[in-house]
Amino acid sequence: MKLAYLITTYDNPTHLKKLITALQDKDVFFFVHIDKKSKVSFDLPKERNIIVLPEDKRKTVYWGSFTFIEAVQNLIKESFKHGVFDYYVLLSGTDYPVRSNTHIKNFIGKHKDTQFINISMMPANNKSLDRVYQYYLSTYDKSFRLNFILKRILNLVIRVFKIRRSLPYEYRSMNLYGGSTWWAMSGDCVRYIIDFMNKNPTFIQYYQNTLIPEEMFFHTIMGNSKFF
């Protein structure tokens, strides 16, 4: 059972080392994305199975924006260079396992081809359809004050007047799904998702202006596939 741990992190390198040490095992690889705006020094062990994304593949990640999806996409693409994995597990750098590696591998092995992802058809679990249908501009980059203010005003106008848009025509038959950010999915499913992203730039462009897409984007692609 080959596992690829996809880890997104911003700070607390001491905890990240503990996380990797706890999960370290044969047939396990770690792919780490360090937020580009992080000012913390990460000195991870120099092991062949610990791969930190280079500077040009790191994203400046803002909460609720599509930048998180781009960071995960870069992690997955980097993993493709290091072989074929049975499962991909998306983690935060602040996570920590409560079970042993043996238990984790045995559990996944017993549920082969299962996608471990919290998923519900929207609207559900506080995920309204407005997250998808209302055009949203990320306002978490405050480096340009005027730009930040204008985006906040536009988002307010869109929300107050309930200005909605439609999915591009070719995707209107898709069911919309949402769930939690973190997941563990089979290698076949992850490869399908990346292939879908490569072939559907219009879908990506649409979701770039949705609210908190990491709770909807992968879910909707997977939910409309044979893996659901």
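The values are calculated or read from the model by the stated rules, or taken from the named source; none is laboratory data. Nothing here was measured: the structure is a model prediction, and the numbers come from that model. Here Cβ is always computed from backbone atoms with ideal geometry, including for glycine, and neighbour counts include all displayed protein chains. The accessibility values were calculated without ligands, DNA or RNA, using every heavy atom of the protein model including side chains. Shrake-Rupley method; radii C 1.70, N 1.55, O 1.52, S 1.80 Å.
Summary of packing: across the peptides 173-180, 76-83, the per-residue average of other C-beta atoms within 10 Å ranks them, highest first, as 173-180, 76-83. Among the listed options (1) 46, 36, 35; (2) 55, 42, 30; (3) 121, 41, 30, the one matching Cα extents along the principal axes in Å as calculated from these coordinates is (2). On a per residue basis, the chain carries 53 Å² of accessible surface, using protein heavy atoms and a 1.4 Å probe. For the chain, relative contact order (Cα pairs under 8 Å, six or more residues apart, normalised by length) works out to 25 percent. Rounded to the nearest 5, the antiparallel percentage of DSSP beta bridges internal to the chain is 35%. Label reach from Asp25 (point 7 Å along Cα→C-beta): in the stretch 68-99, amide nitrogens under 17 Å belong to 85-91, 96-99. For the stretch 1-89, averaging the sequence separation of C-alpha pairs within contact (under 8 Å, six or more residues apart) and dividing by the residue count gives a relative contact order of 39 percent. Partner lysines whose Cα lies under 18 Å from the Cα of Lys57, excluding those fewer than 8 positions away in the same chain, are identified as Lys36, Lys37, Lys39, Lys77, Lys81. What a 1.4 Å probe finds exposed on the chain is 52% carbon and sulfur by accessible area, rounded to a whole percent. Helical content alone sets the calculated 222 nm signal of the chain at -10500 deg cm²/dmol, taking -39,500 (n - 2.57) per DSSP H segment of four or more residues and averaging over every residue. Take 94-101, 60-67, 210-217 and order them by the average number of nearby Cβ atoms within 10 Å per residue, most first; the result is 210-217, 60-67, 94-101. Give, as ranges by residue number, the residues of the stretch 64-84 whose backbone N falls under 18 Å from the point 7 Å along Cα→Cβ of Lys112. From the stretch 64-84, the list is 84.
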